[in-house]
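Before I ask anything, let me first share the structure, which is written out below as structure tokens.
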Amino acid sequence: MSRAVRWQSWDGEGLEHMVFSVRPSGLVADGAILSGGEAHFAASYHLSCHPDDRVAEARVHVVGGPSIVLQSDGDGLWRNSEGKRVPSLVGAIDVDFSASPLTNTLPIRRLGLQAGEAAEIAVAYIRFPDLDVTIDRQRYSCLEVGRRYLYEAVDGSFAAEIETDEFGIVEQYEGLFRRVL
């Protein structure tokens, strides 16, 4: 399966184009982000997963700015582009790009939550456009199987409802992103 998807920021100023492919070796996503709002930037990314949908590699480049490469063994151990371990990310299974709804698709698909179920995860949170990386604890709750989820920061600083299509790809992320043709 391969799909091209576009999202617009809630304010209508930003746009993202992403191609999502499910392969026997694992999920792959390539995309480009044109950000509006307060932080104007353009960025590209390549994301690949292990066959179990755990992140294997994230490559991000901000045009005229920083780049980052993170590789994971799928069990919470991360390395940077020089092959050095990143101890601050131990335990993170997923990545979360602050400027993209794509990375919410990964845990939604991987967790396979049923209605009323919730799960807490640790992610490597990549903040755009400076590409600072921190570990972040998040909670996903299934409101409607295969369709609606509640995303929450475990520290209580943020919560939003996310709607997905039949493949788990985000269609609407309340207050932040909506899918366009």
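So for the stretch 102-169, taking the charge dipole from beta-carbon charges (+1 Lys/Arg, -1 Asp/Glu), which of VAL145, GLY112, ALA159 sits furthest toward the positive end?
Of the candidates, GLY112 comes out farthest on the positive side.
Please list, by residue number, every one of the trypsin sites (Lys or Arg not before Pro) in the stretch 1-97 that is coil in DSSP and has at most 13 other beta-carbon atoms within 10 Å.
Within the stretch 1-97, the qualifying trypsin sites (Lys or Arg not before Pro) (loop, at most 13 other Cβ atoms within 10 Å) are LYS84.
Then there's this: Whole-Hz Karplus ³J(HN,Hα) for the stretch 132-148, in order, using 6.51 cos²θ - 1.76 cosθ + 1.60 and θ = phi - 60°, x for Gly and Pro?
Ordered by residue, 3J(HN,Hα) equals 5, 10, 9, 8, 9, 9, 9, 10, 10, 10, 8, 8, 8, 3, x, 9, 10 Hz.
Using a Gaussian network model of the chain whose springs link C-alpha atoms within less than 10 Å, name the residue from SER25, SER100, SER44 with the highest mean-square fluctuation.
SER25
Here's something else I'd like to know. If we count GluC sites (Glu not before Pro) as exposed when they sit in a DSSP loop and have at most 10 other beta carbons within 10 Å, what is the longest stretch of the chain that avoids them all?
Segment 83-165 is the longest.
Of the residues VAL19, VAL63, VAL95, which exhibits the maximal mean-square fluctuation in a Gaussian network model of the chain defined by a 10 Å Cα contact cut-off?
In this elastic network of the chain, the residue with the biggest mean-square fluctuation among VAL19, VAL63, VAL95 is VAL63.
Bear in mind that the values in this text are calculations on the coordinates, not laboratory data. Because the structure is predicted, anything quoted here is derived from the model rather than measured. With ideal geometry, Cβ positions are generated from the backbone for all residues, glycine too; neighbour counts draw on all protein chains shown.
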